[in-house]
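Below you'll find the structure, written out as structure tokens, and then a few comments.
The values are calculated or read from the model by the stated rules, or taken from the named source; none is laboratory data. A quick note: this is a predicted structure, and the numbers were derived from the prediction, not measured. Here Cβ is always computed from backbone atoms with ideal geometry, including for glycine, and neighbour counts include all displayed protein chains. Heavy atoms of the whole protein, side chains included, go into the accessibility calculation; ligands, DNA and RNA do not. Shrake-Rupley method; radii C 1.70, N 1.55, O 1.52, S 1.80 Å.
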Amino acid sequence: MADTILSRLVFQRFRSLAKEEVKFDNPTFLIGQNGCGKSNFSDAIAFLAEAMTSPLQAVLEHRGGFAAVSHRGSARGRSNMGLAVELHDPGADMSEARYGIELRASTGSGFQVVREQCVVTRLNGSIASFDRRPVNGSVGWKSSVKSLDPIVEPNALALPLVGGDARFRPVFRLLSDMRVCRIEPAAVRALQDPDGGVRLQADGSNAASVLREIQRQSATDWERICELLQCVVPGTVGVQLKRHGNKLTLAFSQEWGKSAPVKFEAFNMSDGTLRVLGILAAIFQRPAPSLIVIEEPEATVHPGAIGTILDVLRHAGRFMQVVVTTHSPDVLDAQWIEDRHLRIASWERGITRVSTVSPSVRAALREHLMGAGELLRSNAMAAAKESESDKRRFELFVKAM
């Protein structure tokens, strides 16, 4: 498996996650019932990625504004909201990095950045850092890199501006290359506007363009996608891209016995087929994500096909970090899933909690008494109690620089 790129994620009043720290493995399976906050967890990763490439104002407005994103238990949505990550990049001149942001509401529906900090420990032991924080009533800038002194608006982030500097580039790249995949078959089925195909939309609404780019860049990957699709949907022998005026769609070739292949356009294909193709496009997209979140891959997919999807996700873990959200025991039936791969999301008094598994679950898995899928089916997939957890409260910012 590839190294864990995102090793920790800290939430401070982000949607239903009031104060939480999550440690990651590769892959990580986040298990939880419907409505427990798994999608809010995924959205925090999407939020950070989008904030690197789009104005922060637009990222918040896309989610309904600051009040909609800050924890619903906060008084009138006015409490500060923050996220922080710990990152590793074995391919860069960086042994470890910390990046955190904190936002608060301002007058009307506005907001401002209270603090933003990035600390990069390089392989030679030196540290590159910057810290935006209030100083004497205004936002101050402190950095170990003296040549950096960007002019940043109160409602904008600095990292996208300084991410071209070689010392901060790995952090910017890792965050901006994270992807969240929540494939909607209706979006894959619809006629699609063509684009560059270099970034799959979360719902798969540009899957045709992404598949076209994969086919252009790697015949091997394209053949692999077709082979995997055939494993999931027997009789499917190929996928083609087809134009309808200025729109793109997908056409599937199927054959039975010695009969000639029959072509079906996407609007004739099942939800499960389109969801699987969207997941394959997400995994094989170019450039490859640094981290990919696959939300509920089991939805509308026949249980017999889930094993193939898991094999693909395990293979993807060699090249990127993989996070899966699920509430299906079928997804957890793979024998290679260990206790270190599992996190449990629960809903407690309007708050999402994320925990490791309990000692009894850990023992059952390590002693091969039951598999993760069996434990979930028997309602024995218990979360560790706070006193049993190995969490340490990971603050948003480094206190001393």
Can M370 be described as touching a Leu at 6+ places or on another chain (Cβ under 9 Å) and either surrounded by fewer than 18 Cβ atoms within 10 Å (Cβ to Cβ) or not in a helix (DSSP H, G or I) (or both)?
no
Among (1) acidic (D, E); (2) without any contact (Cβ under 8 Å) to a residue 40 or more places away in the chain; (3) crowded, with 22+ Cβ neighbours inside 10 Å - the single one E20 does not satisfy
(2)
Considering only residues that are of a type outside the set (A, V, I, L, M) and surrounded by 15 or more Cβ atoms within 10 Å (Cβ to Cβ), look in segment 151-164 and name the one that is farthest from the chain's Cα centre (by Cα).
N155
Name the one entry in P297, P289 that is part of a loop (DSSP other than H, G, I, E, B) and without any contact (Cβ under 8 Å) to a residue 40 or more places away in the chain.
P297
Breaking point among (1) modelled with pLDDT under 95; (2) open to solvent by 20 Å² or more (accessible area, probe 1.4 Å), for F172
(1)
Testing V312 on (1) open to solvent by 20 Å² or more (accessible area, probe 1.4 Å); (2) touching a helix residue (DSSP H, G or I) at 6+ places or on another chain (Cβ under 9 Å); (3) in contact (Cβ under 8 Å) with a residue 24 or more places away in the chain; (4) closer than 26 Å to D177 by Cα, one condition comes back false. Which one is that?
(1)
Being under 15 Å from N206 (Cα atoms) and among the polar types (S, T, N, Q) is the filter here, so list the residues in segment 274-293 that pass it.
Q285
Could you list, in sequence order, the residues of segment 187-221 that are open to solvent by 10 Å² or more (accessible area, probe 1.4 Å), in contact (Cβ under 8 Å) with a residue 12 or more places away in the chain and hydrophobic (A, V, I, L, M, F, W, C)?
A187, A190, L191, V198, L200, A202
Could you check, for segment 45-66, whether at least one of its residues is at pLDDT below 95, at positive phi, out of contact with any Ser or Thr (no Cβ under 6 Å at 6 or more places or on another chain) and not in a helix (DSSP H, G or I)?
yes
Where a residue in segment 382-401 is under 13 Å from S358 (Cα atoms) and its partner, wherever it lies, is at pLDDT below 75 and hydroxyl-bearing (S, T, Y), with Cβ under 9 Å and at least six apart:
A383/S389
Read through the list (1) within 30 Å of P234 (Cα to Cα); (2) surrounded by 21 or more Cβ atoms within 10 Å (Cβ to Cβ); (3) at pLDDT below 95, then give the number of the only condition that D333 fails.
(2)
Going through segment 84-120 in order, the residues found to be surrounded by fewer than 16 Cβ atoms within 10 Å (Cβ to Cβ) and either among the hydroxyl-bearing types (S, T, Y) or without any contact (Cβ under 8 Å) to a residue 40 or more places away in the chain (or both) are G91, S95, E96, S106, T107, G108, S109
Filtering segment 270-286 down to residues that are surrounded by fewer than 21 Cβ atoms within 10 Å (Cβ to Cβ) and in a loop (DSSP other than H, G, I, E, B) yields S270, R286
When residues of segment 234-252 are filtered for being touching a Gly at 6+ places or on another chain (Cβ under 9 Å) and without any contact (Cβ under 8 Å) to a residue 12 or more places away in the chain, how many remain?
0
Could you please find all residues in segment 323-361 being part of a loop (DSSP other than H, G, I, E, B) and not aliphatic (A, V, I, L, M)?
H327, S328, P329, D330, Q335, W336, E338, R349, G350, T356, S358
Test set (1) free of Cβ contacts under 8 Å to residues at least 24 places away in the same chain; (2) polar (S, T, N, Q); (3) closer than 28 Å to H327 by Cβ - S54 fails condition number
(3)
For F41, all conditions in the list (1) buried (at least 22 other Cβ atoms within 10 Å of the Cβ); (2) assigned to a strand (DSSP E or B) hold save one; what is the number of the exception?
(2)
Per the list (1) over 19 Å from the mean Cα position of the chain (by Cα); (2) part of a loop (DSSP other than H, G, I, E, B), residue check on I306 breaks on (2)
